[in-house]
Amino acid sequence: MSIDGFVGRPDGGLDWMTWEMDEKLINYINQLTDSVDTILLGRKMTDGFVSYWTDYVKNKPESEEYPFAKKMVDYPKVVFTKTLDTSSWENTTLAKGDVVEEVNKIKNQTSMKDIIVYGGAGFVSSLIKNNLIDEYHLFINPTAIGKGLEIFKEVEKFSLKLTESKTFDCGIVVNKYQP
């Protein structure tokens, strides 16, 4: 998220994000990822997400991002869609019903680990609006972009309790909140 509250440019672009991650931030991301066993995604974001990480797994096994990429490909993913009837993505199922019912069904089926949501903005916004997120890890990038995609735009009043805040040498601050 940018410091002015956007998660992407109006066209979804992420060129403003800080990619020079330090080792402590990478460890934080890996610990967070290791605590989950299911990834939720909105349909619009899924193709780019899955294609990006699949490319790493298939073509860049020497990359330091390979272990993370392998998790992103191997972990079960649930894509929320109203338009697709089948999934061509590996380890991916589709959720086509009401978002509240589908998320609650997944929460009740998931093993002992957590669920993580990677986006997109509209999908995350619908989860926030329906109070379906139990914990937030907001990665605040030291950049303002002026306008773009928001995840809190559909809520009138929304309060969170800060439970942890970590700063990283690359300038990113991760704030962990609970509703």
| message | When you scan region 158-178, do you find a residue that is assigned to a loop (DSSP other than H, G, I, E, B) and basic (Lys, Arg), even just one? | response | no
| query | Regarding Leu132, is this residue more than 23 Å from Ile3 (Cα to Cα), in a strand (DSSP E or B) and either at pLDDT 95 or above or among the aromatic types (Phe, Trp, Tyr) (or both)? | reply | no
| query | Mind checking whether some residue in region 148-157 is touching a residue at least 40 places away in the same chain (Cβ under 8 Å) and either under 23 Å from Asp22 (Cβ atoms) or within 13 Å of the chain's Cα centre (by Cα) (or both)? | reply | yes
| Does Ile140 satisfy the criteria of being over 19 Å from the mean Cα position of the chain (by Cα), surrounded by 15 or more Cβ atoms within 10 Å (Cβ to Cβ) and more than 18 Å from Leu40 (Cα to Cα)? | no
| Identify, please: which residue in region 15-52 is polar (S, T, N, Q) and either without any contact (Cβ under 8 Å) to a residue 12 or more places away in the chain or in contact with a His (Cβ under 6 Å, 6 or more places away or on another chain) (or both) and is, among those, surrounded by the most Cβ atoms within 10 Å (Cβ to Cβ)? | Asn27
| request: For Ser165, indicate whether it is exposed (fewer than 14 other Cβ atoms within 10 Å of the Cβ), free of Cβ contacts under 8 Å to residues at least 12 places away in the same chain, of a type outside the set (D, E, K, R) and more than 23 Å from Leu25 (Cβ to Cβ). | output: no
| Name the pairs whose Cβ atoms lie under 7 Å apart, with the first residue in region 53-77 and on the phi > 0 side of the Ramachandran plot, the second modelled with pLDDT under 90, and 6 or more positions between them or separate chains? | none
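The values are calculated or read from the model by the stated rules, or taken from the named source; none is laboratory data. Computed from a prediction, not measured in an experiment: that's the story for all the values here. Glycine also receives a Cβ, built like all others from the backbone with ideal geometry; neighbour counts cover every protein chain displayed.
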